[in-house]
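Contents: one structure, followed by commentary.
The values are calculated or read from the model by the stated rules, or taken from the named source; none is laboratory data. As the structure is a computational prediction, the values presented were derived from the model and not from experiment. Positions of Cβ are generated from backbone atoms using ideal geometry, with glycine treated the same way; all protein chains shown enter the neighbour counts. Just so you know, the surface numbers come from the protein's heavy atoms only, side chains and all, with ligands and any DNA or RNA stripped out. Shrake-Rupley method; radii C 1.70, N 1.55, O 1.52, S 1.80 Å.
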Amino acid sequence: MSRRPLIVIGGSSERSQETMGAFQEFPQVEACRLYSKFSARPSSIETIPSIIEKAVRSSIYGRPGACYVDIPADFVNLQVNVNSVRYMECCTPPPVSMAETSAICMAATVIRNAKKPLLIIGKGAAYAHAEEGIRKLVERCKLPFLPTPMGKGVIPDNHPNCVAAARSRALQFADVIVLFGARLNWILHFGLPPRYQPDVKFIQVDICAEELGNNVKPAVTLLGDINAVTKQLLEQFDKTPWQYPPESSWWKTLREKMKSNEAASKELASQKSLPMNYYTVFYHVQEQLPRDCFVVSEGANTMDIGRTVLQNYLPRHRLDAGTFGTMGVGLGFAIAAAILAKARNTGQRVICVEGDSAFGFSGMEVETICRYNLPIILLVVNNNGIYQGFDVDSWQEMLKFGDATAVIFTG
């Protein structure tokens, strides 16, 4: 669901015991096929390299995704003549595709004619390493932009053209929206009213043709590698320079809303109440965050509110529950990021901010973190369960009716 390249290698029961009720016998290849780009079991040890090559290639070509390779138990001790193994060279990097020239010209025209333009930067742009081109486009054309949760950092969150603090207003009143590797799913409210104008024009930039036109018919579709397509747009604006007026009423509306929302957040952050509210917690965390750290965020309110306060300044430095909203991934993500940081010897820290319920899904991974001495700081926000749980008075009132377990399950 998050469209990330992943190779999953799983063991399965011995081939000779198929249909006999072997230990944990299950049609793994068929089951994984529904959720992956490629799912296969090598027919022999000799064919393992070709299956792995195809799995790797499938995971990174086109829109990235997960691939499953099934290894039967009897392969583990099986021996074959090394000369019979069909070795494969690693696949070449994914081919870079570009949008049609006519579509690029049309997109540039729509942007120039916009009264209230907005760019939305998705995690597809981060994966495509399109940060340099998108930043040039934003600064050259003076356009406002919004990052999606894992698109944060493609352009730094503190960039003057970032209107994340006025997100709802920007989405609701924009008349032209350019989507850079962002899907019109639940995260972006499907692109539909009342969150958007009924006649808003979408320009959709995506590597996947099947994604174009989902939920809303776009005014222009730009099918291709996001980095390459961004460069095409820049070339078009180089030929005929254009800037959106920084003094426009649209910019004024956005800046006013940002100012009021930021003031409200600052007021919440300054409160001294106990227990602390989310904004107070995240304000103090943000003050201590290294600019180059990896931020892992998981939870309900912890993740939602943390996303608005905790800043990202670099692309591909934020991991959260993703498109599917999967709980329990936070500590695993943190471990993976820390191993990468150690391998690169960058000295970067990983900051993992967890809600208490989210932490409960995989809290024992703390032992793994300690065992391997990984550079992870783990912060658990004790908000008494999902969202806010029971307050003290409600809990005490419930206990008056009898045993807590009986009251909860019958009430």
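Kindly report the accessible area of region 101-252 per residue (heavy atoms of protein chains, probe 1.4 Å, no ligands, DNA or RNA), in Å².
Result: 41 Å² of accessible area for each residue.
Can you pull the one-decimal nm distance between simple spin-label points at Leu274 and Met98, each 7 Å off the Cα toward Cβ?
Taking the simple label geometry, Leu274 and Met98 are separated by 6.4 nm.
Is region 101-252 rounded, prolate or oblate when judged by the Cα gyration tensor, a ≥ b ≥ c being the square roots of its eigenvalues, rounded requiring a/c under 1.5 and prolate requiring a/b larger than b/c?
Rounded, because the longest to shortest axis ratio a/c is under 1.5.
Can you list which of the trypsin sites (Lys or Arg not before Pro) found in region 134-210 are DSSP loop residues with at most 13 other C-beta atoms within 10 Å?
Of the trypsin sites (Lys or Arg not before Pro), the ones in loops of region 134-210 whose Cβ has at most 13 other Cβ atoms within 10 Å are Arg195.
Taking the alpha-carbon centroid of each part, what is the distance from region 22-91 to region 159-211 in angstrom?
With region 22-91 and region 159-211 each reduced to a Cα centre, they are spaced 39 Å.
For Lys266, list the lysines whose Cα falls under 19 Å from its own Cα; do not include residues on the same chain fewer than 8 positions away.
Here the lysines satisfying the reach criterion relative to Lys266 are Lys257.
Determine, from the Cβ-Cβ distance of Met20 and Trp395 and an R0 of 51 Å, the FRET efficiency 1/(1 + (r/R0)^6), rounded to the nearest 0.05.
0.45
To the nearest 10 Å², what's Thr280's accessible area with a 1.4 Å probe?
10 Å²
Can you pull out the chymotrypsin sites (Phe, Trp or Tyr not before Pro) in region 326-411 that DSSP calls coil and that have at most 14 other Cβ atoms within 10 Å?
Counting only loop positions with at most 14 other Cβ atoms within 10 Å, the chymotrypsin sites (Phe, Trp or Tyr not before Pro) in region 326-411 are Tyr372, Tyr387, Phe390, Phe401.
Between Leu379 and Asp292, what length comes free when the chain is fully extended (0.36 nm per residue of separation minus the Cα-Cα distance, one decimal in nm)?
29.5 nm
Could you please state how large a percent of the accessible area of region 271-399 is carbon and sulfur, counting protein chains only and using a 1.4 Å probe?
59 percent
Whole number in Å², please: accessible area per residue of region 271-399, 1.4 Å probe, ligands, DNA and RNA not counted.
Per residue, region 271-399 has 54 Å² of solvent-accessible surface.
For region 6-84, count all C-alpha to C-alpha pairs, find those more than 15 Å apart, and express that count as a whole percent of the total.
57 percent
Compute the distance in nm between two label points, each set 7 Å from the Cα along the Cα-to-Cβ direction, one at Ile339 and one at Lys252.
Label-label distance for Ile339 and Lys252, simple model: 5.5 nm.
Check every DSSP H run in the chain and write down those whose alpha carbon atoms cover 18 angstrom or more along the long axis and whose mean Kyte-Doolittle hydropathy is -0.5 or greater.
48-60, 226-239, 330-344
May I ask you to work out the translational diffusion coefficient for region 271-399 at 10 °C, viscosity 1.306 mPa s, via Stokes-Einstein with Rh from the Kirkwood sum over Cα pairs, reported in whole µm²/s?
Diffusion coefficient, whole number: 103 µm²/s.
Between [x] 22.5; [y] 23.1; [z] 24.2, which matches Kirkwood radius over Cα pairs in Å calculated for the structure shown?
Among [x] 22.5; [y] 23.1; [z] 24.2, the one derived from this structure is [z].
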